[in-house]
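J.: Supplied in structure tokens, the structure appears directly below.
The values are calculated or read from the model by the stated rules, or taken from the named source; none is laboratory data. Everything quoted here is computed from the prediction, not taken from an experiment. Methodologically, a virtual Cβ is constructed for each residue, glycine included, from the backbone with ideal geometry; neighbour enumeration extends over all protein chains shown. The protein model used for the area step is the full one, side chains on, heavy atoms only, and it has no ligands, DNA or RNA in it. Shrake-Rupley method; radii C 1.70, N 1.55, O 1.52, S 1.80 Å.
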Amino acid sequence: MSGQVLITGGAGFIGYHLAKHLTASGYGVCLVDNHTRGIIDDDLKQLLTQPEVMLTEIDLLDRDAVLDLGVGFKTIFHLGAIIGVKNVLARPFDVLVDNVRMLENIIALARQQQSLSRLLFASTSEVYAGTLKYFDLTVPTPENVALALTALNEPRTSYMLSKIMGEAMVQQAGVPFTIFRPHNIYGPRMGMAHVIPEQLNKAFEAKSGDQLEVRSPDHTRVFCYIDDAVAMLHKMLTTESCIGQTLNLGTEVPEVTIREVVKTCIAATDKNLGINDLAPTPGSPVRRAPDMRLTKSLLNLESKVSLDEGITRTWNWYRKQVFENGGPSAR
């Protein structure tokens, strides 16, 4: 099996949108997924009707199955990983070990390619958590800050450590690479365990005059709509100066409170709802925002979709596909 671009975790949120974008730009795409998280919904089925897109189901922990994917890939996006707070808290050992093993197999695949131009590895903004906890972390945060670990006996350290280990593995693998650290990417098909679709769902189910409960209302974040994120990933792929770089993926402004995000979600639903402020979620950073100067300088590209517009698009998709019709949502 071969194709111009291989995307692991290809049935997931970013994988689907990236494949759709690249296919529209003339690329052939091979999606790999075991559907532990990514789902086969109507959107993915429609994408798979295009002859330039194929989907294969394998376990990325199976070295032989990964290597059997072939030698014809010019680009590999490695998005596959065990993620999610519930998984991290329930299975920290599996998260740490399996994420590293999956990447080890993908690096072996990358090394056997005949003309690989790039391995692009999805890291995480969580790599900054230790520095935030123990030192003074600059916010917005540049990529070159020193990384520190949280306590090794804390379950949440396992995911962050698997990604820091992954960055080191990619750096030392001997293949051309780009590492990217996503920051609050959102949009259709992202799954319900995220603040924007979660609050949209609450607003959909609420009656006029109800109040939505909001944790960490004064904590601030910066959100990047999925279309902008995949445009940046495409530009990273085609920009030679991104080879060997570690880049933030997201947007730098506006930095908004969670309360403001929920208000925007309520506005999108056109309901008369209030907000009930609750205590902060344990472990939630007060601020998180990426310094995007390096990414902008290399890509000459920045986000275009406003938070209002992005949340409206997300609401329209969820209302039609999930809330009203009971369609599936990523786990």
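J.: May I ask which residue of Ile58, Phe121, Leu79 lies farthest towards the positive end of the charge dipole of region 1-141, with charges of +1 (Lys, Arg) and -1 (Asp, Glu) on Cβ and the Cα centre as origin?
T.: Selected residue: Phe121.
J.: Round to a whole angstrom and tell me the spacing of the C-alpha centers of region 31-89 and region 202-274.
T.: 25 Å
J.: How large, in percent, is the carbon and sulfur part of the accessible surface of the chain at a probe radius of 1.4 Å?
T.: Here carbon and sulfur together make up 50 percent of the probe-accessible area.
J.: Under the definition of Cα pairs under 8 Å and six or more residues apart, what whole-number percent is the relative contact order of region 47-108?
T.: 39 percent
J.: Ignoring GluC sites (Glu not before Pro) that are buried or in helix or strand per DSSP, and keeping those with at most 15 other beta carbon atoms within 10 Å, what is the longest stretch of the chain between them?
T.: 58-301
J.: Pairing the Cα long axis of helix 258-269 with the longest principal axis of the chain, what angle in degrees results, from 0 to 90 and rounded to the nearest 10?
T.: Tilt relative to the chain: about 80 degrees.
J.: With no solvent and one point on each alpha carbon, what is the Debye value of log10 I(q)/I(0) for region 29-107 at q = 0.15 Å⁻¹?
T.: Relative scattering, expressed as log10 I(q)/I(0), comes to -0.61.
J.: Moving on. Need one number: % antiparallel among DSSP beta bridges in the chain, to the nearest 5.
T.: So the antiparallel bridges amount to about 5 percent of the total.
J.: Ok, one more. Counting DSSP beta bridges with both partners in region 179-331, what percentage is antiparallel, nearest 5?
T.: Of all bridge pairs located within region 179-331, approximately 15 percent are antiparallel.
J.: Provide Rg over Rh for the chain; use the alpha carbon set for both Rg and the Kirkwood Rh (inverse mean inverse pair distance). Don't skip to the end; give the middle numbers.
T.: Working: Rg = 19.4 Å, Rh = 20.4 Å.
Ratio of gyration radius to Kirkwood radius for the chain: 0.95.
J.: May I ask for the Rg/Rh ratio of region 149-195, computed from Cα atoms with Rh as the Kirkwood radius, given to two decimals? Walk me through the numbers on the way to the answer.
T.: Numbers: Rg = 14.2 Å, Rh = 13.2 Å.
Rg/Rh: 1.07.
J.: Binning every alpha carbon pair distance of region 222-325 at 5 Å from zero, what are the percents per bin?
T.: Calculated P(r), rounded to whole percents: 2, 11, 17, 18, 16, 15, 11, 6, 3, 1.
J.: Just to be sure I understand the model, the point goes 7 Å from the Cα along the line to the Cβ. What's the resulting Ser297 to Phe204 distance in nm?
T.: 4.3 nm
J.: Quick one: dipole size for region 190-331, taken about the Cα centre, charges +1 on Lys/Arg Cβ and -1 on Asp/Glu Cβ, in debye to the nearest 20.
T.: I would put it at about 160 debye.
J.: Of the candidates Leu120, Leu301, Leu247, which one comes out as most mobile in a Gaussian network treatment of the chain with C-alpha springs shorter than 10 Å?
T.: Of Leu120, Leu301, Leu247, the most mobile in the Gaussian network model is Leu301.
J.: Restrict the search to region 47-125; then list the chymotrypsin sites (Phe, Trp or Tyr not before Pro) that DSSP places in a loop and that have at most 13 other Cβ atoms within 10 Å of their Cβ.
T.: On the way: sites: Phe73, Phe77, Phe93, Phe121; in loops: Phe73.
In loop regions of region 47-125 (DSSP not H, G, I, E or B), there are no sparsely surrounded chymotrypsin sites (Phe, Trp or Tyr not before Pro).
J.: Longer than 26 Å from Cα to Cα, which of Lys74/Lys163; Lys163/Lys235; Lys45/Lys296; Lys263/Lys296; Lys74/Lys235; Lys133/Lys235 are they? Say none if no pair is.
T.: With Cα atoms farther than 26 Å apart: Lys45/Lys296; Lys263/Lys296; Lys133/Lys235.
J.: Considering the dipole of the chain built from charges on the beta carbon (Lys and Arg +1, Asp and Glu -1) around the Cα centre, which of Pro188, Leu47, Val286 is farthest to its positive end?
T.: Val286
J.: Something else now. Once you order the gyration tensor axes a ≥ b ≥ c over the Cα atoms, which shape class does region 119-202 get: rounded for a/c under 1.5, otherwise prolate or oblate by comparing a/b with b/c? Don't jump to the answer; show the numbers that get you there.
T.: Values: a/c = 1.84, a/b = 1.31, b/c = 1.40.
Oblate, since a/c reaches 1.5 and b/c is not below a/b.
J.: To continue, here is another question. Taking the Cα centre of region 27-149 as origin, sum charge times position over the Cβ atoms of Lys and Arg (+1) and Asp and Glu (-1), and report the length of that vector in debye to the nearest 20.
T.: On the way: 10 positive and 16 negative charges, 64 e Å.
Magnitude of the dipole: close to 300 debye.
J.: Taking only protein heavy atoms into account and a 1.4 Å probe, give the accessible area per residue of the chain in Å².
T.: With the other protein chains kept in place, the chain gives 45 Å² per residue.
J.: Let me ask something else about it. Show which aspartates and glutamates lie in cross-link reach of Lys271 when reach means a straight Cα distance below 19 angstrom and same-chain residues fewer than eight apart are skipped.
T.: Glu198, Glu205, Asp210, Glu213, Glu260, Asp308, Glu309, Glu324
J.: Right, next: Say the dipole of region 223-292 comes from +1 at the beta carbon of Lys and Arg and -1 at that of Asp and Glu; which of Gly274, Thr239, Thr264 then lies farthest toward its positive end?
T.: Toward the positive end, the furthest listed residue is Gly274.
J.: Need one word for region 235-289: rounded, prolate or oblate. Basis is the Cα gyration tensor (sqrt eigenvalues a ≥ b ≥ c); a/c below 1.5 gives rounded, then a/b vs b/c decides.
T.: Oblate, because a/c is 1.5 or more while a/b does not exceed b/c.
J.: Take the alpha-carbon centre of region 117-161, take the same for region 276-317, and report the distance between them in whole Å.
T.: 18 Å
J.: Still on this structure, please answer the following. Can you work out the FRET efficiency for the pair Asp62 and Glu260, with r the C-beta to C-beta distance and R0 = 45 Å, to the nearest 0.05?
T.: Values: r = 45 Å, r/R0 = 1.00.
Computed FRET efficiency for Asp62 and Glu260: 0.50.
J.: Also: Taking the chain as the reference, fit the longest principal axis to its C-alpha atoms, fit the long axis of helix 307-318 to the helix C-alpha atoms, and give the angle between the two in degrees, 0 to 90, nearest 10.
T.: 80 degrees
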